[in-house]
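**Student:** Next up is a structure, given as structure tokens.
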Amino acid sequence: MIALTEVAADRMRTFLNNRGKGMGVRVAVRTTGCSGLAYVIEFVDELQSDDVTFEDQGVTLVVDKKSLLYLDGSVLDYTKEGLNEGFKFNNPNEKETCGCGESFTV
Amino acid sequence: MALLQISEPGCAPAPHQHKRAVGIDLGTTYSLVATMQSGQAKIIEDEAGRSLLPSVVHFGTEGVSVGYPAISLGQEDPLNCIYSIKRLMGRGATDINRVRESLPFKLGKPQTDSLVPHIATACGPKTAVEISSLILTRLKARAELALAGDIEGAVITVPAYFDEAQRQATKDAARLAGIPVLRLLSEPTAAAIAYGLDRREDSLVAVFDLGGGTFDFSLLHLQNGIFEVIAVGGDAHLGGDDFDHCIADWILDSAQIDDLADTEVGNLLAVAKRAKEKLTHQSEVKILWPSDLYGEIALTLSRQQFDSMVRPLVEKAVQVCRRTLNQAQLETDEIAQVVLVGGATRVPLVQQAVADCFNKTPLTDLDPDTVVALGAAIQADVLIGNQPDTDLLLLDVVPLSLGIETMGGLVEKIIPRNATLPIAKAQQFTTYKDGQTALTLHVLQGERELADECRSLARFILHGIPPMTAGAARIEVRFELDADGLLQVSARELSSGVENRIEVKPSYGLSDVEIETMLRESIAQGGQDMQLRQLRETQVDAQRLLEALHTAIQEDGEQLLSAEERLALEEAMQDLNQVLSGDSLAAIKQSIDTLENLSDPFAARRMNHAVSEALSGHKLEEFQDD
């Protein structure tokens, strides 16, 4: 199960709207980066065979089964840090992140 | 941890691979920076949530400030506060002298080692490039905070008519600010990209850009996703500020104030500007001007009244559109889309006038103040490689023809005006004198026929041409303009292969006003220019004839001419010499004819003489084919 904060859901709806197409947003992990795994957030135009979907506040979240192992229980937030803004994973499985925060280990 | 953005399917960047690219609108009054976030272009705001950075720099004894703080400091210390520096970009000391009076700041004494004008400030002399780089540095800092890292590439917009010198100056300013420039992009093209017009089918797009002080009109041709700027027009002294002045004049009229004190001008204009902005959404506005000198003045201005005040100005802009269309030989109904740029296009009358002129509703969905920066950000994202699927390619045009000076101070155009970039063109030239071993190449930009009336961009010399008869050498001059509009000129003597080249990094250039003026003059004076060209060409012919005859008389005069013949020839030469410097084409032509008639027998005798010299002592058989 992956959830969204209210702000994150709102931003996703806006971005999907602006893009004008796409059925939802994919969250995934990829094995790269300096600390093992990295998060991926993409628009989704079509589903893959091993995808699982969640509905939260009107947004369809798409996760492949392998990524779900690493992401289950995560809450996706949208925050502002100074002038920088973007999505942020609050992932209970995450043990440590690399210095720059772009990758993590579980 | 790092904050994430939503990517296109399959395009999520690996960690550390998303490149931070921005688009920068370096404007005359305001500058902006934008970037792509989660699939859309977004203006990067400052800490206080403001999008616009006033293009104002204040040099104080305490230090330098940029933007809003500079404006407030400038009220106490106007001489050290630099506005509108973009108007000086790429201009030389000689250009500035002409506009010196109208500049709001003091220029320093020209530096002996530099053609670039320096502005005297409390922090020492500063160039336009340095001042622009301070504005860019501020935008870069804003972007780096927002994107949490170094900027890896930027697209900076420039007016479509910016010449080589102005483009180079803009690039220099970016380099000074430590910003890697991916591309300079023309402002109208950026606006069209922001509206996603590049993804439509092939069509013509008009961009109507009415800013605070300048008006630019551009016609873009979209073909296979490629934009080509096909024509530009404009008025360097027409903008929203003029609307403010109209309202201010009306207030003074209504309040019967004849002589406005200088101290009240700023105050009154601010009141006028607010009234104009309110009239965008309201049909009438109450004006309250709490003047220190004239007491409190309260008036009501209706939109109808306002419209009739500014109608002549709006009509002027529409005329520019019509003229530009005419020049490009296009009809208004061929234009598929009209894009509005610049704050003054919010005025309802402007939108109405544009709609009437083009017979279609202009695009107004995006904020006209930010649309150029947004387009630049989209382009930057593509160029730096964050969107591997798109292949947006942009074409720009040469604003004014490029060429070289030939004998007699004439201009030979090599790259014509409105040619699309990148472009390379070559033309062959030859030597003018016997045994000439060097050739000076004078690179010029402009539409006129005479070198004096075009802009000098660079000079260089091709040395080492093997001595040959005049006209025998073949020198290929090649002009190459890259996609950014930067010029390289090379000259190569084809028989010997000697070559020289120059990258044109001129220290001064043309202003938009000058380009307008030059274009207008070239049209108005087309006929006169042609006559002048003929005169110069005839003068060159005459000089060539005189020189050839002079050499011939030196060599063979004694031997082949009788005393009377020689006297007659020398008299005719003197006659020609006398009319040569005058401006009567007919007189010079007549003298040339007389001299040629007189010298024909001499030329024939010289030829015979040369042949018999060559043949004497040889047998006929030696000249027969084996």
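**Student:** Out of the residues in region B:410-456 meeting the condition of being among the charged types (D, E, K, R) and assigned to a strand (DSSP E or B), tell me which one is modelled with the lowest pLDDT. Talk me through it step by step, then tell me what you get.
**Tutor:** From region B:410-456, those among the charged types (D, E, K, R) are B:412-413, B:417, B:425, B:433-434, B:447-449, B:452-453, B:455; that's our starting set.
Remaining after also requiring assigned to a strand (DSSP E or B): B:412-413, B:425, B:455.
Working: B:Glu412: 86, B:Lys413: 86, B:Lys425: 87, B:Arg455: 78.
Restricting to residues being among the charged types (D, E, K, R) and assigned to a strand (DSSP E or B), the top hit is B:Arg455.
**Student:** Now for a separate question. Look at region A:49-70 and say how many of its residues are under 25 Å from A:Thr14 (Cβ atoms) and at pLDDT below 85.
**Tutor:** 1
**Student:** Moving on. Which numbered condition in (1) in a helix (DSSP H, G or I); (2) surrounded by fewer than 13 Cβ atoms within 10 Å (Cβ to Cβ) is the only one that B:Gln305 fails?
**Tutor:** (2)
**Student:** Count, please, the residues in region A:37-93 that happen to be aromatic (Phe, Trp, Tyr) and either surrounded by fewer than 18 Cβ atoms within 10 Å (Cβ to Cβ) or within 15 Å of A:Val7 (Cβ to Cβ) (or both). Spell out the reasoning first.
**Tutor:** At the first step, the residues of region A:37-93 found to be aromatic (Phe, Trp, Tyr) are A:39, A:43, A:54, A:70, A:78, A:87, A:89.
With either surrounded by fewer than 18 Cβ atoms within 10 Å (Cβ to Cβ) or within 15 Å of A:Val7 (Cβ to Cβ) (or both) added as a condition, the list becomes A:54, A:78, A:87, A:89.
Number of matching residues: 4.
**Student:** Restricting to region B:205-260, give me the number of residues that are aliphatic (A, V, I, L, M), closer than 30 Å to B:Gln329 by Cβ and surrounded by 18 or more Cβ atoms within 10 Å (Cβ to Cβ).
**Tutor:** Step one: list which residues in region B:205-260 are aliphatic (A, V, I, L, M), which gives B:205-207, B:210, B:219-220, B:222, B:226, B:229-232, B:236, B:238, B:247-248, B:251-252, B:255, B:257, B:260.
Those still in the list that are closer than 30 Å to B:Gln329 by Cβ too: B:205-207, B:210, B:219-220, B:222, B:226, B:229-232, B:236, B:238.
Right, trim to surrounded by 18 or more Cβ atoms within 10 Å (Cβ to Cβ) and you get B:205-207, B:210, B:219-220, B:222, B:229-232, B:236, B:238.
Counting residues in region B:205-260 that are aliphatic (A, V, I, L, M), closer than 30 Å to B:Gln329 by Cβ and surrounded by 18 or more Cβ atoms within 10 Å (Cβ to Cβ) gives 13.
**Student:** Mind counting the residues in region B:31-52 that are surrounded by 21 or more Cβ atoms within 10 Å (Cβ to Cβ) and either over 30 Å from B:Gly385 (Cα atoms) or more than 12 Å from chain A (Cβ to nearest Cβ) (or both)?
**Tutor:** Qualifying residue count for the region: 3.
**Student:** Can you tell me which of (1) within 13 Å of chain B (Cβ to nearest Cβ); (2) touching a residue at least 12 places away in the same chain (Cβ under 8 Å); (3) polar (S, T, N, Q); (4) surrounded by fewer than 20 Cβ atoms within 10 Å (Cβ to Cβ) is the one A:Thr5 doesn't meet?
**Tutor:** Going through (1) within 13 Å of chain B (Cβ to nearest Cβ); (2) touching a residue at least 12 places away in the same chain (Cβ under 8 Å); (3) polar (S, T, N, Q); (4) surrounded by fewer than 20 Cβ atoms within 10 Å (Cβ to Cβ) one by one, A:Thr5 breaks only (1).
**Student:** OK, next. Can you tell me how many residues in region A:41-56 are assigned to a loop (DSSP other than H, G, I, E, B) and either in contact with a Cys (Cβ under 9 Å, 6 or more places away or on another chain) or at the interface with chain B (Cβ under 7 Å from one of its Cβ atoms) (or both)?
**Tutor:** Step one: filter region A:41-56 for residues assigned to a loop (DSSP other than H, G, I, E, B), giving A:45-50.
Of the ones still in play, those that are also either in contact with a Cys (Cβ under 9 Å, 6 or more places away or on another chain) or at the interface with chain B (Cβ under 7 Å from one of its Cβ atoms) (or both) are A:45.
Looking only at that region, the number is 1.
**Student:** Return the residues of region B:185-197 that are modelled with pLDDT under 90 and surrounded by fewer than 24 Cβ atoms within 10 Å (Cβ to Cβ); say none if nothing qualifies.
**Tutor:** B:Gly196, B:Leu197, listed by residue number.
**Student:** Looking at region A:33-40, can you tell me whether even one residue there is more than 14 Å from the chain's Cα centre (by Cα) and away from chain B (no Cβ under 13 Å)? Let's see the steps before the verdict.
**Tutor:** If we filter region A:33-40 for residues that are more than 14 Å from the chain's Cα centre (by Cα), which is where we start, we get A:33-36.
Those still in the list that are away from chain B (no Cβ under 13 Å) too: none.
No, region A:33-40 contains no residue that is more than 14 Å from the chain's Cα centre (by Cα) and away from chain B (no Cβ under 13 Å).
**Student:** Quickly run through region B:150-173 and pick out the residues that are aliphatic (A, V, I, L, M) and assigned to a loop (DSSP other than H, G, I, E, B).
**Tutor:** Initially, region B:150-173 is screened for residues aliphatic (A, V, I, L, M), giving B:151, B:154-156, B:158, B:160, B:165, B:169, B:173.
If the condition is that a residue be aliphatic (A, V, I, L, M) and assigned to a loop (DSSP other than H, G, I, E, B), then B:Ile151, B:Ala160 are the ones that fit.
**Student:** Tell me which residues, restricted to region B:47-85, are assigned to a loop (DSSP other than H, G, I, E, B) and within 29 Å of the chain's Cα centre (by Cα). Please lay out each step first, then the result.
**Tutor:** To start, the set of residues in region B:47-85 that are assigned to a loop (DSSP other than H, G, I, E, B) comprises B:47-52, B:55-56, B:60-63, B:67, B:77, B:83-84.
Scanning region B:47-85 gives B:Ser51, B:Leu52, B:Ser55, B:Val56, B:Gly67, B:Tyr83, B:Ser84.
The values are calculated or read from the model by the stated rules, or taken from the named source; none is laboratory data. Being a predicted model, the structure only gives us computed values, none of them experimental. Quick reminder, even Gly has a Cβ in these numbers, built from the backbone with ideal geometry, and neighbours come from all protein chains shown.
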